[in-house]
Amino acid sequence: MSGLIPQHFIDDLLSRIDIVDVIGTRLKLKKTGKNYTACCPFHDEKTPSFSVAQDKQFYYCFGCSKGGSALNFIMEFDKIDFVAAIEVLSAIAGIQAPSAKLSLKNEDEKRKSLYSTLKQCDNFYRLQLRTHKYSAKATSYLKRRGLSGQIAAKYGIGFAPPGWDNLLLNVGLDTQTKGLLNESGMIVKKKDESKLYDRFRNRIIFPIRDNRGRTIGFGARVMDGSKPKYINSPETPIFVKGRELYGLYEARRELRNMAKLLLVEGYFDVIALAQHGIHNAVATLGTSISKHHLEKIFRNTSEIVFCFDGDIAGRAAAVRALNTTLTELHDGLTARFLFLPGGHDPDSLIRDRGKKFFMNLIESSLPLSEFFFTQMMNGIDLNSADGKAKFSKICAPHINKIPHGVFKHLMLEELSQRTGVPKDNLKYLISENNRNNSEYVSAIGGSMDPPSTGTFVNNSTKTIYETTQLEAPNQKPKRKLRLSPIHYLTGLLINYPTLSQHIHDMSILQQSENNEIDIFVRLLNFIRKHPDYSTCQILAYWTSDLELKKDVDYLTSFTLDDMYSAPYDTKRRNSDEFCDAFDHVSKELFSALPRVQQAKVILNREPLGEGDVKQLYKILFELSDEYPEKDIKKDIKHKLLSTKKMGNKTK
């Protein structure tokens, strides 16, 4: 619904209203310093912990961590949706909100047209698999992969013939249809040219269907060793990759009651399993498992089995899935982890070993609790007191993510048994205000409160950010906190968006698979596109965007009043803090890269600094003369030579 309201209207609306006036009509606010306070309306309390910052146009509760703009407050307090909240604020501001009903009608017509266009594309690709003069190549490929004609028909597999305009000439018969093909991502328009061409060419086609069986997008695979191996439709008004699961529609048609769903990686994994009688497999569309995926899965079953390769990449993907699943694992829901034998994916394994062997693997898969504790215990000696303390501290924030209920209680009990730490002490560690991935250092003790202002310090082997606790309403500062560099970096950026101008090279951060670094990169790119946006406007935009909305709570947690800034007792500026934190994160990520990748990063820089040249010389002597390092060595030598010549010219 949020997409129905133009963003420029939302920005203008928020600039016209004062959050103190909006909240003041619903709560009795008291001026406390430069902020306003009240008892929080979202949880029971006797001492006010709800703070409204007029200068930032934001509210935050130190008790329950609820926070946001005036728009968020109206949605939460009045329990209404986004469009209704816009209408309420529009009335306060005395302006007319856009007609949601008219927008909805136009949106509905557009979606119907897109569904119809994609259905025509689906029919076209299926027909080509049967009739095109080059279809024998495609059918032979599918047979080599062990697929029957029946299973290919069930999943609607098709064929995009070689050539630039097969689909365009057969479906895009008029200007309107060409426009719909373009909007649905089926054709591509060349930059700076008017030429149009088919997105999918000389590939096997996999239609992606929604819960109602409507085609909403396509995946496509090459039949040889060319790259990229797979490509997908781009996101459209009816297709969001982070929300869809390939094969779910077919699984629901085949199985009336699904005791469990098996999550695999690719299209062929799903289809090969179905070919051998395992019909409850689904796959994400080239993305990590998301909250939206899990919500969809748990609407259809109470158990999910994650199926990963047993290599390092598979284990890393399993850890990411574990972290996402913890927040969604309400009582009655189950997650298990299956790691395949080396060198196999589900497609190859079931063809090699058969259904019975694969089913036995599923039955012997690891429960989430067992995988969790095994993963967290890696490298820790539980026979020592130090090891038990470290294990407790690592596990506690993750257990805190689990929704309240029996499972969370049992995980806490299991942690207590493994460490010998009394359960009551562990409950203290996982208090609701304990922030994940931050190291809290208590000077006096007391309850865990949100963190505040800080400075960069070096603590022997680990660099952290030490911050002084700001006082929440009716509380005094109690302690210093230590925050991870990426938290400090993100906190500075969301509170002071103009700091974005100090970053010029994000190439290293863009290679990271860390979710928090990914959010920082997306936030930085967003601010560069909208340099005039305030903190309030940034979060309001992200709240209104379906894809960005999932990270709003995370960003909001950094917007406490004066939480992230240069310390008051030093001459350092926010820009100094920001640049130091960015350099630290970049250096850590760079040092973790393989030598070849480090070289590629430096080679893309123009011009090279003195430090870059020294680093390239160091890498040059460390690389071998084997492929692909041999090619990189040539590139390094060429770069160093050209840099030297350039230096001689400037002398």
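The values are calculated or read from the model by the stated rules, or taken from the named source; none is laboratory data. Please read all numbers here as calculations on a predicted model, not as lab measurements. Here the Cβ positions follow ideal geometry from the backbone for every residue, glycine too, while neighbour counts run over all protein chains shown. The area values use the complete protein model at the heavy-atom level, side chains included, leaving out ligands, DNA and RNA. Shrake-Rupley method; radii C 1.70, N 1.55, O 1.52, S 1.80 Å.
Summary of computed values
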read-out	value
Sum of -39500 (n - 2.57) over DSSP H runs of 4+, divided by residues of the chain (222 nm, nearest 500)	-14500 deg cm²/dmol
Net charge, I23 excluded, C-beta distance under 14 Å - Lys, Arg +1, Asp, Glu -1	+2
Cα-based helix-to-principal-axis angle, 135-144 vs the chain, degrees rounded to 10	70 degrees
Whichever lysines have a C-alpha closer than 22 Å to that of K427, once near sequence neighbours (fewer than 8 apart) are set aside	K66, K388, K390, K393, K401, K408, K478, K480
Pairwise FRET efficiency - F9 versus S148, Cβ, R0 = 45 Å, nearest 0.05	0.25
The chain, dipole about Cα centre (Lys/Arg Cβ +1, Asp/Glu Cβ -1), debye to the nearest 20	1740 debye
Backbone N under 12 Å from the V319 label point (7 Å along Cα→Cβ), restricted to region 504-523	513-515
Cubic angstrom per residue, convex hull over Cα atoms of region 41-190	247 Å³
15 Å beta-carbon shell around A93, net charge (K/R +1, D/E -1)	-4
Rg/Rh for region 145-228, where both radii come from Cα atoms and Rh is the Kirkwood radius	1.00
Whichever aspartates and glutamates have a C-alpha closer than 12 Å to that of K550, once near sequence neighbours (fewer than 8 apart) are set aside	none
Overall form of region 310-369 per C-alpha gyration tensor (a/c, 1.5; a/b vs b/c)	oblate
Lysine pair count for region 83-223 [Cα-Cα under 16 Å; pairs on different chains or 8 or more apart]	10
Accessible area of V52 in the full protein assembly, 1.4 Å probe (Å², nearest 10)	0 Å²
Accessible area, probe 1.4 Å, largest first, for residues K618, K633	K618, K633
The chain: relative contact order as a whole-number percent, Cα under 8 Å and 6+ apart	9 percent
Rounded accessible area of M359 (nearest 10 Å², 1.4 Å probe)	70 Å²
Using alpha carbons only: equivalent-ellipsoid semi-axes of region 298-422, gyration tensor based, whole Å	29, 18, 12
Over region 292-384, relative contact order from alpha-carbon pairs under 8 Å, at least 6 apart, %	30 percent
Order of exposure, largest accessible area first, which applies to K241, K427, K28 with probe 1.4 Å	K28, K427, K241
Region 190-297: GluC sites (Glu not before Pro) in DSSP loop, at most 11 other beta carbons within 10 Å	E193
Acute angle (nearest 10 degrees) that the helix 610-622 long axis makes with the longest principal axis of the chain, alpha-carbon atoms	50 degrees
Kirkwood hydrodynamic radius of region 1-104, from inverse mean 1/r over distinct Cα pairs, in Å	14.3 Å
Those aspartates and glutamates that a straight Cα-Cα span of less than 16 Å connects to K644, excepting residues fewer than 8 apart in one chain	E606, E610, D612, D635
Degrees, to the nearest 10: 515-529 long Cα axis against longest axis of the chain	90 degrees
Share antiparallel - DSSP beta bridges, the chain, percent rounded to 5	80 percent
Rough spin-label spacing in nm, given labels placed 7 Å along Cα→Cβ, for D505 and K355	5.7 nm
At R0 = 56 Å, FRET efficiency that the Cβ-Cβ distance of S302 and D631 yields, to 0.05	0.65
Surface/4 of the Cα convex hull for region 170-219, nm²	4.4 nm²
Calculated FRET efficiency for the pair T177/A259, C-beta based, R₀ 45 Å, to 0.05	0.55
Average Cα contact separation per residue, region 126-232, under 8 Å, 6 or more apart, as relative contact order %	23 percent
D (Stokes-Einstein, µm²/s), Kirkwood Cα radius, the chain, 1.567 mPa s at 4 °C	46 µm²/s
Residue-level accessible surface for S194, protein heavy atoms, 1.4 Å, Å²	100 Å²
